[in-house]
Amino acid sequence: MVGRVALLLRIIAKAGGAGLSLAGIVRASGLTRPTVHRLLRALAADGLLDLDEATGRWHLGPELYVMGTVAAGRFAVEHLARPALRRLAEATGESAFLSIRRGDETVCLAREEGSFPVRSFVLYEGKRFPLGVASAGIAILAFLPPEEAEPIIDDDGARLAEFGVPHAAAPLREKLAETRELGYSVNPGLVVEGSYGLGAAVFDPAGRPAWALSLTGIEPRFRPGRREELGELLMAEAHRLSTAIAAPRP
């Protein structure tokens, strides 16, 4: 039962602000319609989910916001990252992001808008991507231990179906090798044509890549020359944040 509840919450969270219909949740979960309907109603009764009666779409509920606020006290990384995001956005004019690894996915936690008027909206708070997709997921996957990374790289069926051939195992390995050489990842419009991204891993106190800082924008803003400048800024902020995370708390 707990596993089914967690599955439904993750599916609805992945849909973001658009929410998801009952039929969409049934398809994504593989559960029967009566089972999904019963679980959704039970979760809504406790405030964990919310049904928009006008659209028939399900959204995360207010009680999850309260729980998230309480849990945030244990995970102060977003608070520590805010200055880094602001510095990156101000220095580059691009949108800056913090993403966290959650299992085999990354989830965007925070966004800081840059001053450049034309923006990419591929990434936003709550958006999930599989590891190895988008700049944050590439940056994190590149620095995982091989025994942990290889099964993720090899399991490319879902990536191929949703994101295309550039995300198959072989080209992904090339992209990961490039990331390790540069120190940061480059996503040259692989998710949405014309939308570029750079990502740099942020490490936990044990030296594992657990988060990533990233910059996104339109292709002309990420051409060679400037791209290297952006990558250096990104790595500097990622190193600073990793150091802050590892520092003892008073």
Hey, Thr106 hits all of (1) out of contact with any Pro (no Cβ under 9 Å at 6 or more places or on another chain); (2) polar (S, T, N, Q); (3) at pLDDT 90 or above but one; which does it fall short on?
-> (1)
Taking the stated definitions as given, is Leu198 in a helix (DSSP H, G or I) and either in contact (Cβ under 8 Å) with a residue 24 or more places away in the chain or under 19 Å from the mean Cα position of the chain (by Cα) (or both)?
-> no
Search the range 37-54 for residues being in contact with a strand residue (DSSP E or B) (Cβ under 8 Å, 6 or more places away or on another chain) and outside any strand (DSSP E or B), and hand back the single one that is surrounded by the fewest Cβ atoms within 10 Å (Cβ to Cβ).
-> Ala44
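Inside the range 93-149, counting only strands (runs of 3 or more DSSP E) that do not spill past its ends, which hold 2 or more residues that are crowded, with 22+ Cβ neighbours inside 10 Å and either among the small types (Gly, Ala, Ser) or in contact (Cβ under 8 Å) with a residue 40 or more places away in the chain (or both)?
Where strands (runs of 3 or more DSSP E) fall fully within the range 93-149 and carry at least 2 residues being crowded, with 22+ Cβ neighbours inside 10 Å and either among the small types (Gly, Ala, Ser) or in contact (Cβ under 8 Å) with a residue 40 or more places away in the chain (or both), they are 95-102.
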Residues of the range 150-162 satisfying the condition of being surrounded by 12 or more Cβ atoms within 10 Å (Cβ to Cβ) and among the acidic types (Asp, Glu) = Glu150, Asp155, Asp156, Glu162
Given the residues Leu182, Leu215, which is the only one that is open to solvent by 60 Å² or more (accessible area, probe 1.4 Å) and of a type in the set (A, V, I, L, M)?
-> Leu182
Look at Ala84 and say whether it is surrounded by 14 or more Cβ atoms within 10 Å (Cβ to Cβ), touching a Gly at 6+ places or on another chain (Cβ under 8 Å), at pLDDT 90 or above and of a type in the set (A, V, I, L, M, F, W, C).
-> no
Does any residue in the range 33-51 that is closer than 14 Å to Leu22 by Cβ come within less than 7 Å, Cβ to Cβ, of a residue that is of a type in the set (Val, Ile, Thr) and not in a strand (DSSP E or B) six or more places away or on a different chain, and which pairs are these?
-> Arg33/Val26; Val36/Ile25; Val36/Val26; Leu39/Val5; Leu43/Val5; Leu49/Ile12
Unmet criterion (only one of (1) free of Cβ contacts under 8 Å to residues at least 40 places away in the same chain; (2) within 16 Å of Ala139 (Cα to Cα)) for Ala210 | (1)
Single match in Arg4, Arg82, Arg27, Arg10 (criterion: in a helix (DSSP H, G or I) and over 20 Å from Lys127 (Cα atoms)) = Arg4
Taking the range 163-179 only, how many residues are of a type in the set (A, V, I, L, M, F, W, C), in a helix (DSSP H, G or I) and open to solvent by 10 Å² or more (accessible area, probe 1.4 Å)?
-> 5
Considering residues of the range 1-26 that are over 18 Å from the mean Cα position of the chain (by Cα) and within 18 Å of Thr55 (Cα to Cα) only, the residue modelled with the lowest pLDDT = Leu20
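The values are calculated or read from the model by the stated rules, or taken from the named source; none is laboratory data. Keep in mind the model is a prediction, meaning the values are calculated, not measured. Cβ: placed from backbone, ideal geometry, glycine included. Neighbour counts: every protein chain shown. What goes into the accessible areas is simple: the full protein's heavy atoms, side chains included, and nothing from ligands, DNA or RNA. Shrake-Rupley method; radii C 1.70, N 1.55, O 1.52, S 1.80 Å.
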